[in-house]
Structure formats: C-alpha cells, structure tokens
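Novice: Handing you this structure, nothing more for now.
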Amino acid sequence: MRTKVLTKLQQEAEEKYQKFSAKLLPANIKLLGVRIPKLRQLAKQMLKENEAEEYLRLSVEKFEYQEETMLYSLLLAQNKDAHKIERIKNFVPHINSWAVCDIFCSCLKDAKKQQQIYWDSFKVYTQSSKEYEIRFFYVLALSYFINDEYLEKIFLLIQQQKYVGFYDKMAVAWLLSMMYVKYPEKTEKFLLNTTLDEFVFRKSISKICDSYQVTKEAKIHLRTLASKKAIKNN
C-alpha cells in the first residue's frame with residue numbers, strides 16, 4: 001500500500017512547490033512538493049475506494065516524506081471508527097511540522113460536536129515536553145474551543161504553560177489573538193494582568209494588530225497599554 005500511494009504522490013509532485021514549501025519548514029523535513037488540494041483529492045479517492053483503513057494501518061514511523069504523513073492525517077481526521085481518539089493519541093507524537101499539525105486540527109470537525117471528549121482527551125498535551133504536542137492542543141483549541149464554556153479554562157492553561165520551542169509559543173499567540181477577536185475585553189484583561197512568556201505576549205499583541213477583524217482604534221489602545229505594561233515590567 002505504501003509503495004502504491006508513494007507512487008501517486010510522486011506523480012503529483014512539483015519541484016517549484018517543493019522548493020517554496022521547504023523554506024517554510026524545519027530543515028529536517030523531507031518534501032516531495034505535493035499541493036494540499038492534491039492531497040485532499042487523493043484522500044477523498046482512497047476513502048471512496050475503501051483504501052483508507054489499509055493506509056491507516058501503516059507505521060507512521062516508516063514514512064519518509066511529509067506528504068505521506070499529511071495524507072495519513074487527512075484520512076485519520078475523517079475516520080469514523082470507535083477507536084478514533086486512541087488513534088489520534090498514537091498519531092500526535094509523530095507530528096513533526098506546524099503544517100501537518102495545523103491541517104490535521106482543522107480537519108478534526110467532530111471535535112466541534114464532541115468538545116468534552118476532545119478537551120478531556122488532549123489537554124494533557126499542555127504538559128508535554130514536545131512542542132508539536134503542545135501546539136496540537138492549542139491549535140485544536142483555537143479551532144473548536146473559543147466559546148463561553150472553555151474561555152476561562154483556556155486562560156488558566158495558558159497561564160500555567162511551560163514552553164518547549166518556537167512553534168508551541170506561536171500557537172498560543174495565535175490562539176490569544178483569535179480569542180481577542182471574539183472576547184476583546186476579557187482577553188485584553190488577561191494579556192495585561194497575567195505574567196506571560198515575553199515572546200508570547202509580544203507576538204499575541206502583534207497578531208491582534210495584524211487582524212482585519214480588529215478596529216484601528218482598538219489596535220492603538222492595545223499597543224498603548226502593552227507599552228505601559230512593558231515599561232512597568234522593566
């Protein structure tokens with residue numbers, strides 16, 4: 001099965017896209033250069049032809065290219081069997097790029113209807129020593145948990161978060177910027193009154209100010225308050 005799928009992926013590979021994508025990812029990631037729509041199309045075809053389950057039984061550890069892992073994540077996200085949560089837990093430790101992490105999370109649509117199950121199953125990753133496991137939870141949170149029920153719970157987890165690398169910090173900053181769009185007053189209060197990692201704080205403010213959903217006046221107000229906080233902390 002792997003040889004068959006890898007052949008299909010190689011046929012869809014584009015050298016220019018491979019070179020472009022390689023600049024956006026860690027140097028150790030091997031790429032063929034297959035565009036995401038092509039991967040989605042292949043996943044759809046495999047589901048239709050009942051080949052998905054056979055591919056999901058392959059060992060992720062033996063995959064050589066990111067596209068193989070990405071395809072696996074697309075199939076797993078659409079999987080409907082009773083062991084899906086356990087399969088996700090088995091897959092997450094193999095995530096080795098922000099691209100696989102983010103696309104996988106965006107495709108886990110059933111998390112919206114099964115919030116409690118997903119929250120209880122994966123919040124443990126906030127205590128992980130691996131940055132992509134931490135990132136997985138927070139990208140999942142920004143996709144499905146920015147609501148009245150989970151807002152304060154997310155704030156509490158972020159307040160306690162210990163970071164490992166760059167990509168987990170970026171995920172939290174992204175999450176906070178999305179929370180600000182929906183809950184500006186509560187998120188502003190959290191940002192200005194909580195001791196946060198300096199990078200996360202600055203990047204959160206930056207991402208909020210980059211958002212087209214935030215007014216110019218709100219951006220000026222937030223930058224002013226953020227500057228005052230920085231001066232006070234110094």
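The values are calculated or read from the model by the stated rules, or taken from the named source; none is laboratory data. Keep in mind it's a predicted model, so treat the numbers as computed, not measured. Note that we place each Cβ from the backbone using ideal geometry, even for glycine, and neighbour counts take in every protein chain shown.
Novice: If I filter segment 27-50 for residues that are without any contact (Cβ under 8 Å) to a residue 24 or more places away in the chain, out of contact with any Asp or Glu (no Cβ under 8 Å at 6 or more places or on another chain), closer than 30 Å to G165 by Cβ and among the hydrophobic types (A, V, I, L, M, F, W, C), do I get at least one hit?
Specialist: Scanning segment 27-50, I find at least one residue that is without any contact (Cβ under 8 Å) to a residue 24 or more places away in the chain, out of contact with any Asp or Glu (no Cβ under 8 Å at 6 or more places or on another chain), closer than 30 Å to G165 by Cβ and among the hydrophobic types (A, V, I, L, M, F, W, C), so the answer is yes.
To keep it simple, each residue is scored yes or no on (1) touching a Ser or Thr at 6+ places or on another chain (Cβ under 9 Å); (2) more than 23 Å from E53 (Cβ to Cβ); (3) among the charged types (D, E, K, R).
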{"position": "D81", "(1), (2), (3)": "no, no, yes"}
{"position": "K84", "(1), (2), (3)": "no, no, yes"}
{"position": "I88", "(1), (2), (3)": "yes, no, no"}
{"position": "F91", "(1), (2), (3)": "yes, no, no"}
{"position": "H94", "(1), (2), (3)": "yes, no, no"}
{"position": "I117", "(1), (2), (3)": "no, no, no"}
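Novice: If I ask for residues that are of a type in the set (V, I, T), closer than 24 Å to K153 by Cα and surrounded by fewer than 17 Cβ atoms within 10 Å (Cβ to Cβ), which ones from segment 186-231 would you list?
Specialist: Of all residues in segment 186-231, those of a type in the set (V, I, T) come to 187, 194-195, 200, 205, 208, 214-215, 220, 224, 231.
So of that shortlist, the ones also closer than 24 Å to K153 by Cα come out as 187, 194-195, 200, 205, 208, 214.
Those that are of a type in the set (V, I, T), closer than 24 Å to K153 by Cα and surrounded by fewer than 17 Cβ atoms within 10 Å (Cβ to Cβ): T194, T195.
Novice: Let me ask another. Which residues, taken from segment 49-62, are hydrophobic (A, V, I, L, M, F, W, C) and either touching a His at 6+ places or on another chain (Cβ under 8 Å) or part of a helix (DSSP H, G or I) (or both)? It would help to see each step written out before you state the result.
Specialist: So the first thing to find is which residues in segment 49-62 are hydrophobic (A, V, I, L, M, F, W, C), and the list is 52, 56, 58, 60.
Passing the criteria: A52, L56, V60.
Novice: Given the structure, is K219 at negative phi, in a helix (DSSP H, G or I) and among the charged types (D, E, K, R)? Show your work before the answer.
Specialist: On the way: at negative phi: yes; in a helix (DSSP H, G or I): yes; among the charged types (D, E, K, R): yes.
Criteria met by K219.
Novice: Which of the residues that make up segment 27-42 are out of contact with any Phe, Trp or Tyr (no Cβ under 9 Å at 6 or more places or on another chain) and not β-branched (V, I, T)?
Specialist: Residues satisfying the conditions are A27, N28, P37, K38, L39, R40, Q41, L42.
Novice: Could you tell me which numbered condition K162 fails, if it satisfies all but one of (1) assigned to a helix (DSSP H, G or I); (2) at pLDDT 95 or above; (3) loosely packed, with under 14 Cβ neighbours inside 10 Å?
Specialist: Against the list (1) assigned to a helix (DSSP H, G or I); (2) at pLDDT 95 or above; (3) loosely packed, with under 14 Cβ neighbours inside 10 Å, K162 comes up short only on (1).
Novice: List the number of the failed condition for Q66; all other conditions in (1) more than 13 Å from the chain's Cα centre (by Cα); (2) surrounded by fewer than 16 Cβ atoms within 10 Å (Cβ to Cβ); (3) under 27 Å from T7 (Cα atoms); (4) free of Cβ contacts under 8 Å to residues at least 60 places away in the same chain hold.
Specialist: If we test Q66 against (1) more than 13 Å from the chain's Cα centre (by Cα); (2) surrounded by fewer than 16 Cβ atoms within 10 Å (Cβ to Cβ); (3) under 27 Å from T7 (Cα atoms); (4) free of Cβ contacts under 8 Å to residues at least 60 places away in the same chain, just (2) comes out false.
Residue by residue, here is whether (1) assigned to a helix (DSSP H, G or I); (2) of a type outside the set (S, T, N, Q) holds:
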position	(1), (2)
K19	yes, yes
L25	no, yes
N28	no, no
E64	no, yes
M70	yes, yes
L75	yes, yes
R87	yes, yes
I117	yes, yes
S121	yes, no
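Matching residues to (1) surrounded by fewer than 20 Cβ atoms within 10 Å (Cβ to Cβ); (2) outside the structural domain of Y167 (by TED's automatic domain parsing); (3) more than 29 Å from K169 (Cα to Cα):
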| residue | (1), (2), (3) |
| --- | --- |
| K38 | yes, yes, yes |
| M46 | no, yes, yes |
| E54 | yes, yes, yes |
| K89 | yes, yes, no |
| C101 | no, yes, no |
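Novice: Which condition number does K169 fail, the rest of (1) closer than 26 Å to D110 by Cα; (2) over 13 Å from the mean Cα position of the chain (by Cα); (3) of a type in the set (K, R) being met?
Specialist: All conditions pass for K169, except number (2).
Novice: Search segment 87-101 for residues that are under 15 Å from L140 (Cβ atoms) and pair each with any residue that is part of a helix (DSSP H, G or I) and of a type in the set (D, E) when their beta-carbon atoms are under 6 Å apart and the residues are at least 6 apart or on different chains.
Specialist: Close Cβ pairs (under 6 Å, with a partner that is part of a helix (DSSP H, G or I) and of a type in the set (D, E)) amount to V92/E133.
Novice: Also, I was wondering about something else. Enumerate the pairs (first residue in segment 105-126 and basic (K, R); second residue anywhere and at pLDDT 95 or above) with beta-carbon separation below 7 Å, excluding pairs fewer than 6 apart on the same chain, so at least 6 apart or on different chains.
Specialist: K112/Y144; K123/F137; K123/L157
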